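Student: Okay, here's the structure, questions in a sec.
The values are calculated or read from the model by the stated rules, or taken from the named source; none is laboratory data. Computed from a predicted structure; not experimentally measured. Cβ atoms come from the backbone with ideal geometry, glycine included; neighbour counts cover every protein chain shown.
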């Protein structure tokens, strides 16, 4: 299984090489304005696809980490029919263009469910994005099931997941990415204690957003 860093590079390699070629060509043509523009775009792409190391300050054995960087826009109890099969907490996290777009595993577990859902590209900050393109990743953990849903937004046109059924993930391990503005939903059994709050800025693999019941 290739590392998340290698997979992330594969996703942006064509863009980066194209921009580097454009910079060299425009400099050779003595088009310094265009070269500067290409350099700015290259810098923005590198910034957008940044992938910092994340280590939680301190976690207990029951702590559940945020799967993504962004702002919590909703916390509600819903019916989750695909993997949890019943009532569940849904924590919705909106990722702006300025957030890190690499997703991480909220807890240690084994990928037991994976489903890609083609669909629309409504703005990810809207509450109703059920018809949007999405990718669902269900993890079986020692405390119960959890589901991460990667949701495309109005600018997102590609969802990437680097793992498949049967793969074991550690808490905080890189899971995938969504290109450009998007949303990630975390579904947990109703017995889990939600610690995050609406409006909170969270960080994937670092912020504790919930806790399993003891």
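Student: Go through (1) surrounded by fewer than 20 Cβ atoms within 10 Å (Cβ to Cβ); (2) under 26 Å from residue 142 (Cα atoms) and name the single condition residue 97 misses.
Tutor: (2)
Student: Tell me yes or no: at least one residue of the range 59-76 is over 23 Å from residue 170 (Cα atoms) and surrounded by fewer than 16 Cβ atoms within 10 Å (Cβ to Cβ).
Tutor: Looking through the range 59-76, at least one residue is over 23 Å from residue 170 (Cα atoms) and surrounded by fewer than 16 Cβ atoms within 10 Å (Cβ to Cβ).
Student: Using beta carbons and a limit of 6 Å, which pairs, at least six apart or on different chains, have the first residue in the range 167-178 and modelled with pLDDT of 90 or more and the second one surrounded by fewer than 21 Cβ atoms within 10 Å (Cβ to Cβ) and in a strand (DSSP E or B)?
Tutor: 167/111; 168/110
Student: Moving on to the next point. Restricting to the range 29-56, name every residue that is without any contact (Cβ under 8 Å) to a residue 24 or more places away in the chain and either in contact with a helix residue (DSSP H, G or I) (Cβ under 9 Å, 6 or more places away or on another chain) or closer than 20 Å to residue 91 by Cβ (or both).
Tutor: As a first pass, look at the range 29-56 and keep what is without any contact (Cβ under 8 Å) to a residue 24 or more places away in the chain: 29-41, 43-44, 47, 53.
29, 31, 32, 33, 34, 35, 36, 37, 38, 39, 41 - these are the residues of the range 29-56 that are without any contact (Cβ under 8 Å) to a residue 24 or more places away in the chain and either in contact with a helix residue (DSSP H, G or I) (Cβ under 9 Å, 6 or more places away or on another chain) or closer than 20 Å to residue 91 by Cβ (or both).
Student: Checking the structure you have, find out if any residue of the range 117-126 is at pLDDT below 90, part of a strand (DSSP E or B) and either within 16 Å of the chain's Cα centre (by Cα) or at positive phi (or both).
Tutor: If we filter the range 117-126 for residues that are at pLDDT below 90, which is where we start, we get 117-126.
Applying the additional criterion that residues be part of a strand (DSSP E or B) yields 117, 120.
If we keep only those that are either within 16 Å of the chain's Cα centre (by Cα) or at positive phi (or both) as well, we get 117.
Checking the range 117-126: at least one residue is at pLDDT below 90, part of a strand (DSSP E or B) and either within 16 Å of the chain's Cα centre (by Cα) or at positive phi (or both).
Student: Something else now. Filter the range 179-196 for residues that are assigned to a strand (DSSP E or B) and modelled with pLDDT under 85 and give the result. It would help to see each step written out before you state the result.
Tutor: Step one: filter the range 179-196 for residues assigned to a strand (DSSP E or B), giving 182-188, 193-194.
Once the filter is applied, which keeps residues that are assigned to a strand (DSSP E or B) and modelled with pLDDT under 85, the range 179-196 yields only 182.
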